[in-house]
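Colleague: My questions all concern the structure below.
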Amino acid sequence: MPAERTLAMIKPDATSRNLIGKIIAHYEAEGFEVVGLKRLRLTLDDARAFYAVHAERPFYDSLTEFMSSGPICALVLQRDNAIVHLREVMGATNPEEAAEGTIRALYARSLEANSVHGSDAPETAVTEINFFFSEEELL
Ligand code: UDP
Ligand code: MG
């Protein structure tokens, strides 16, 4: 299968606990190559734009405030079947439902503060990669 790219984020609850290295180590051990990497803080408007698909959901205001509350790490990860495989390594959105050994089972604090993001489909992966990175930044 040809290499595929997906967009990952390490969320503020995880950067604040110094988990960037541990989480990236999980991804590298799963065969992902880190082809883009930056640490930044989203403004509230940035977070609202990134999560615009959820604008009508009851958790949107709280989620976007949380996502702009501290630094995040944005990564572009590359391997075969990257989008689906990353979602498997992350575990279910709700950490109480996340399979043993997944990132969210290991590190998430709550349904909202669930430590990591991963794109959910090829179209969203392209949009989300372009949200953070220019083509020259992906090596
Ligand atoms: N979220 C939340 N409450 C919910 C559902 C989701 O706070 O009931 C947050 C959570 O941080 C999640 C993010 O909103 O990761 C995006 O939700 P989505 O359903 O896209 O989950 P994901 O794709 O991140 O697993
Ligand atoms: Mg999602």
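No value in this document is a laboratory result; all are computed from the given coordinates. Keep in mind it's a predicted model, so treat the numbers as computed, not measured. For neighbour counting, all protein chains shown are included, and Cβ atoms are generated from backbone atoms with ideal geometry for every residue, glycine included.
Colleague: Stokes-Einstein D for region 71-112 at 20 °C, 1.002 mPa s, Kirkwood Rh over Cα pairs, in µm²/s?
Modeller: Working: Rh = 11.1 Å.
Calculated translational D: 193 µm²/s.
Colleague: Any idea what log10 I(q)/I(0) is at q = 0.19, 0.25 Å⁻¹ for region 12-68, Debye with uniform C-alpha scatterers and no solvent?
Modeller: -0.82, -0.97
Colleague: Here's another thing I want to ask about it. Mean Kyte-Doolittle of at least -0.5 and a Cα length of 15 Å or more along the axis: which whole DSSP H helices of the chain meet both?
Modeller: Working: long enough: 122-132 (16 Å, 0.24).
Span-like helices in the chain: 122-132.
Colleague: Here's another thing I want to ask about it. Figure the gain on full extension for Thr93 and Ala105 (residue separation times 0.36 nm, minus the Cα-Cα span) and round it to one decimal in nm. The partial results should precede the final answer.
Modeller: Details: separation 12, 0.36 × 12 = 4.32 nm, distance 0.98 nm.
Gain in length upon complete extension: 3.3 nm.
Colleague: Let me make sure I get this right: for the chain, a, b and c are the square roots of the gyration tensor eigenvalues over alpha carbons, sorted descending. Under 1.5 in a/c it's rounded, otherwise prolate if a/b > b/c, else oblate. Which is it? Please list the in-between numbers first.
Modeller: Values: a/c = 1.43, a/b = 1.14, b/c = 1.25.
Judged from the Cα gyration tensor, the chain comes out rounded (a/c under 1.5).
Colleague: Below 14 angstrom from the Cβ of Glu33, what's the summed charge of the other residues (Lys, Arg +1; Asp, Glu -1)?
Modeller: The answer is -2.
Colleague: Further question on the same structure: Mind listing which trypsin sites (Lys or Arg not before Pro) in region 32-139 are in a DSSP loop and have 14 or fewer other Cβ atoms within 10 Å? Display every interim value, and only then the final one.
Modeller: Details: sites: Lys38, Arg39, Arg41, Arg48, Arg79, Arg87, Arg104, Arg109; in loops: Arg41, Arg109.
The qualifying sites are Arg41, Arg109.
Colleague: Given the Cα atoms of region 60-139, and with Rh set as the inverse mean 1/r over their pairs in the Kirkwood sense, what is Rg to Rh to two decimals? Write out the running numbers ahead of the final one.
Modeller: Working: Rg = 13.4 Å, Rh = 13.8 Å.
Over the Cα atoms of region 60-139, Rg/Rh equals 0.97.
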